[in-house]
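Only the coordinates and a few stated rules stand behind these numbers; no lab work does. Remember, predicted model here, so these are calculated numbers, not experimental data. Cβ: placed from backbone, ideal geometry, glycine included. Neighbour counts: every protein chain shown.
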Amino acid sequence: MNVLLTVREPQRWLHKTLLANNRNLFMSMKNTKIVATLGPASSTEEVLTQMIENGVNAFRLNFSHGSHEEHLERLELVRSVAHKLGVEVAIIQDLQGAKVRLGEIDGKIILQKDQEITLYLEGTDKPSGEQVYPAQYDFFPELKVGHRIYINDGLVLLSVVEVNGKSARCVVKTSGPISTKKGFNLPDTYIANAAFTEKDANDLQFGLAHHVDYVAISFIQTADDLKKVREHFTPECQPKLITKFETQQAIYHMEEIVHETDVIMVARGDLGIEAGQEEIPLVQRKLIALSRKHSTPVIVATQMLESMVTNAQPTRAEVNDVATAVLDQADAVMLSAESAVGFNPPLVVETMARIASRVEVDQKEQEEYHETMEIVHSNAFELTAPLAQAAAHLAHEVDAKAILSITSSGKTATSLASYRPHVPTFVACDNADVAHQLALVYGIYPTYVPKITDNQVVFDEILANLETKGYVKSGDTIVVLEGSLPGIQGGTDTIKVIKIK
């Protein structure tokens, strides 16, 4: 390992073609990234341009809604806008998973506490009796007496008292309304193949054909669910997997899932129903800590600025929610309906970015912030982890303005991000897919460089770009993390300190 504490003036080799497509690379300097869900409100070039300029780093395509044609149109538009702006933006394909729902019901039914009802698999023989309702998924083989069934976003709670083949008799524990297609949550029941359905497989083939950067898997229960999805990947497209923690079963298998996945998403909607609303803050904090231990990026999602679907300002509770995720040091915070169907997606993004930036400024000013880098990795990338930790510490000690790095696989950048340096890291990457994926990672601002043969040429061009944008100036200190052999994967072995003259 080489640690070169040198002070020198970087040479100004302005190879203008090197970063010609990245003229606006440094438009947003917050470390916490923003994921925005695409929808009818965010499907024009003008709106997407404003959203990226205001701080969006990744866009989510929700495959629970919309056709392949609609998703392709939005995907291509995002890539076109990102190219024009000269930034790397990640595309996330969010698969639906097996959403367990009620079948067709005549009108709205109000279930009363202590009432007995029967659920049965739609398409099979209907059991006799009056209070009998169809379910659209065969979860009955795994159902056991005493298991809980929540319906209609948790408004109704049932307890199973008897299972008979493709039906189950239940008693109502919490009264409330049910109607056609209302969803189920079964926190006590392992449902085979719930995380990857035939629809998901078809949608995934579409995503792979169009080179999505991430694939989010819904209703994960064990690490084996992830392995089944990876089997469908092709040599031409190897997206990163995002595990959505939204079931009680996933919480039971938390450590093994985090070890297997590439990214975590704390999906607090269904998770709140299955684990209990009071458990969400604790699970969220535990998952963020666990993700840093494994150098695994983590996204906090669901209703972060929900009131801004219709209002121009968030509630104070929502501001606090976003700030808490930033304080806990999540890699990214996510917008759902706010950006998909809200009345002003660019304003929502601007609001979220403003909250994140303000919290980060305060973090940097706090003396105890340095302690947040004191973590131990369970799966350190050999030499990469201690080098990354040293670079993060060094940037803090010398009050660096930025960290510069080069990566091929993305491991150096991801490992560095897990130590949460207080300044952005500008990364050159010779793999376009990796460059897109790194756009989601905390504090990492990537740029794709087709072929890297001379590290100094790349670094000097990045510095020149930073100076042009007014982010660095004469007298500023920069930390550099690189490999002594350009273009060699896994070759990071050198840290330098540069003083700009």
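Give the residue list of trypsin sites (Lys or Arg not before Pro) in region 124-173 that are DSSP loop and have at most 12 other beta-carbon atoms within 10 angstrom. Intermediate values should be presented prior to the final figure.
On the way: sites: Lys144, Arg148, Lys166, Arg169, Lys173; in loops: Lys144, Lys166.
Loop-located and lightly packed - Lys144.
Could you point to the residue in Thr180, Leu287, Ala201 farthest towards the positive end of the chain's charge dipole, with +1 and -1 charges on the Cβ of Lys/Arg and Asp/Glu respectively? Of the options given, the answer is Leu287. Only helical runs count toward this figure. For the chain, summing -39,500 (n - 2.57) over DSSP H runs of n ≥ 4 and dividing by all residues gives -9500 deg cm²/dmol at 222 nm. Principal axis analysis of the Cα atoms in region 380-444 yields extents of 33, 25, 16 Å, listed in decreasing size. Helices meeting the span-like rule in the chain (full DSSP H runs, Cα extent of at least 27 Å along the helix axis, mean Kyte-Doolittle score of -1.0 or higher): 345-365.
The distance between label points at Val161 and Arg230 comes to 4.6 nm (points 7 Å beyond Cα on the Cα→Cβ vector).
Which of rounded, prolate, oblate describes region 174-289, given a ≥ b ≥ c as roots of the alpha-carbon gyration tensor eigenvalues and a/c under 1.5 marking rounded, otherwise prolate only if a/b is larger than b/c? The shape class here is oblate. Max-minus-min Cα coordinates of region 193-247 on each principal axis give 30, 20, 16 Å, with the largest extent listed first. Here the label points at Glu116 and Lys364, each 7 Å from Cα along the C-beta direction, are separated by 6.6 nm in the simple model. Scattering from region 285-328 was approximated by placing one identical point on each alpha carbon and applying the Debye formula without solvent; log10 I(q)/I(0) at 0.30 1/Å stands at -1.04.
Given a Förster distance of 41 angstrom, what is the FRET efficiency for Glu350 paired with Thr222, based on the Cβ-Cβ distance and rounded to 0.05? Before the final figure, lay out the partial values.
Details: r = 39 Å, r/R0 = 0.96.
So, using R0 = 41 Å, E works out to roughly 0.55.
Annotation: amide H-H contacts under 5 Å for Val156 (H modelled 1.01 Å from N, sequence separation of 5 or more, or interchain): Ile151. Site pair Asp328 and Lys199 shows an inter-label distance of 2.9 nm when each label is modelled 7 Å from Cα along Cα→Cβ. When the chymotrypsin sites (Phe, Trp or Tyr not before Pro) in region 195-303 are filtered for DSSP coil states and for at most 15 other beta-carbon atoms within 10 Å of their beta-carbon, the remaining sites are Phe233. Applying 1/(1 + (r/R0)^6) with r as the Cβ-Cβ distance of Leu383 and Leu72 and R0 = 51 angstrom yields a FRET efficiency of 0.75. Note on the chain: Kirkwood hydrodynamic radius from all Cα pairs is 23.9 Å, rounded to one decimal.
Karplus-derived 3J(HN,Hα) values for region 469-479, using 6.51 cos²θ - 1.76 cosθ + 1.60 with θ = phi - 60°, are 7, x, 7, 10, 8, 4, x, 6, 9, 10, 9 Hz; glycine and proline are entered as x. Each Cα pair under 8 Å and six or more residues apart adds its sequence gap; the mean of these over the residue count of the chain is a relative contact order of 19 percent.
What share of Cα pairs, in percent, lie more than 21 angstrom apart in region 51-190? Looking at region 51-190, the distances longer than 21 Å represent 53 percent of pairs.
Calculate, in nm to one decimal, what Val341 and Gln131 gain on full extension: separation in residues at 0.36 nm each, minus their alpha carbon distance. Roughly 71.9 nm would be gained on extension. Just so you know, the Rg over Rh for region 109-185 is 0.91, from Cα atoms, with Rh as the Kirkwood radius.
How much of the pair distance distribution for region 156-201 lies past 16 Å, counting alpha-carbon pairs only, in percent? Numbers along the way, then the final one.
On the way: 588 of 1035 pairs.
Tail fraction, whole percent: 57.
Relative to the current alpha-carbon distance between Glu256 and Glu278, full extension at 0.36 nm per residue lengthens the span by 5.5 nm. What's the FRET efficiency of Lys469 with Thr49 using the Cβ-Cβ distance as r and R₀ = 22 Å, to the nearest 0.05? Taking R0 as 22 Å, the efficiency between Lys469 and Thr49 is 0.80. Of the GluC sites (Glu not before Pro) in region 189-284, the ones in a loop by DSSP (not H, G, I, E or B) with at most 14 other beta carbons within 10 Å are Glu231, Glu236.
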